[in-house]
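Just so you know, all these numbers are worked out from the coordinates, no wet-lab data involved. As the structure is a computational prediction, the values presented were derived from the model and not from experiment. Here the Cβ is made from the backbone with ideal geometry for all residues, glycine too, and neighbour counts use every protein chain on show.
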Amino acid sequence: MKKNEKINLKYKETRLPDSFLESLKAADENDLRVMLTLALLDGEDTDLAKLCETLELSESEFDASVKYWCGAGLLKKGKKNTKSSNKTEGADSESKPKKAAQEAVSDAHRGGKLERASEIPSYSSAELAELIERRHITAEFIDEAQRVFGKVFNTHEINILVGMVDYIGFDEASVILLLSHVKQKGKKSLRYAEQMAFALYDEGITTPEALQKKFRQMEENAKTEAAVVAMFGMSGRALTAKEKKFLQSWIEVMGYDVDCIRLAYDITVDNTHEPLPAYANTILTNWYNDGLRTYDAIVAAEEERRAKAKAAKGQDKSFDTDEFFAAALKRTFDEI
């Protein structure tokens, strides 16, 4: 949204077409908040920065939602009445983002991280038609994407779809895989696919093979997380920020599977009589720092520790290393 633009509702006191209702269903939380706010303002001039601060959105997030509703046909943009000098200034500022986007496309593909804004640039109807005509984007690809997602895309959604190929640099097969994954997750917004595409690109994951491997890993991580949540009795409620951080660390950073985490859980309950995630985190972190990555390696290390503890106990009846190990863990846990 530019400073010399105004946004108005296109429909008032009329029955909305079914296609608009589908757009409402696919809208995310930001989109709905922006639409409600603009409806209440009803064309009234307001400061964009102040409005974004009130909504707790960045200007790019606000503008993305405006573009979504414009593509859905519920909003329209127009220029405010300004002096000629302001119009010239507006024209110059309007050309800069487009030029920057074009330079980003020509320079960034496959050459490292994409130097980009937070969203795909807008394409004009002529630009979209040219991309399809030159076979940079095939009509069959758009049809298949709509079939996979189970809906007919509006103008803004087609813009996102085309941008994932033309701007971010995915091939068509990769985009279809991404849309299939997003659909399976129950997400209905193409904006979600857009943000995921940017994140995957930044990780260097762009080919169909790399995407398939990534999605398989994500599915395995989700299964592991569900099992661990049930194990620690955290089902049926929202996880706290600290619990989410623990799970991400154990599963995604340390790479531990359910069996490894269950070992830490068992030691936790044996020593504290409670399923305390923070205590288990101390155990898992110690294993990770010791270079123990697999279930077999951990079991072998624990058996060796117990054997040494038993031998030490036999030599000195007054010193129990199992109790020492538990006490050391507790001290570390208490310091968290």
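Overview of results
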| quantity | calculated |
| --- | --- |
| Cα-based shape type of segment 108-266, given that a ≥ b ≥ c are square roots of the gyration tensor eigenvalues and the cut on a/c is 1.5 | prolate |
| More than 20 Å apart - percent of Cα-Cα pairs taken over segment 125-216 | 29 |
| Cα centroid of segment 258-303 to Cα centroid of segment 119-175, whole Å | 48 |
| Relative contact order (%) - criterion: Cα under 8 Å, at least six apart; region: segment 147-201 | 44 |
| Cα gyration tensor shape of segment 172-242, rounded if a/c is under 1.5, else prolate or oblate by comparing a/b with b/c | prolate |
| Segment 211-258 shape via C-alpha gyration tensor axes, a/c threshold 1.5 | prolate |
| Cα centre as origin, Lys/Arg/Asp/Glu Cβ charges: segment 126-212 dipole, Debye | 520 |
| Proximal charge balance of E225 [Cβ under 13 Å; K/R count +1, D/E count -1] | -2 |
| Chymotrypsin sites (Phe, Trp or Tyr not before Pro) restricted to DSSP loop in segment 200-257 with at most 10 other C-beta within 10 Å | none |
| GluC sites (Glu not before Pro) within segment 135-214, DSSP loop, no more than 13 other Cβ atoms inside 10 Å | E203 |
| Simple Cβ-charge dipole of segment 176-279, Lys/Arg +1 and Asp/Glu -1, about Cα centre, in debye nearest 20 | 600 |
| Rel. contact order, % - alpha carbon contacts under 8 angstrom, at least six apart, segment 125-216 | 28 |
| Linear extension gain, V229 paired with D270, 0.36 nm per residue minus alpha-carbon span | 12.9 nm |
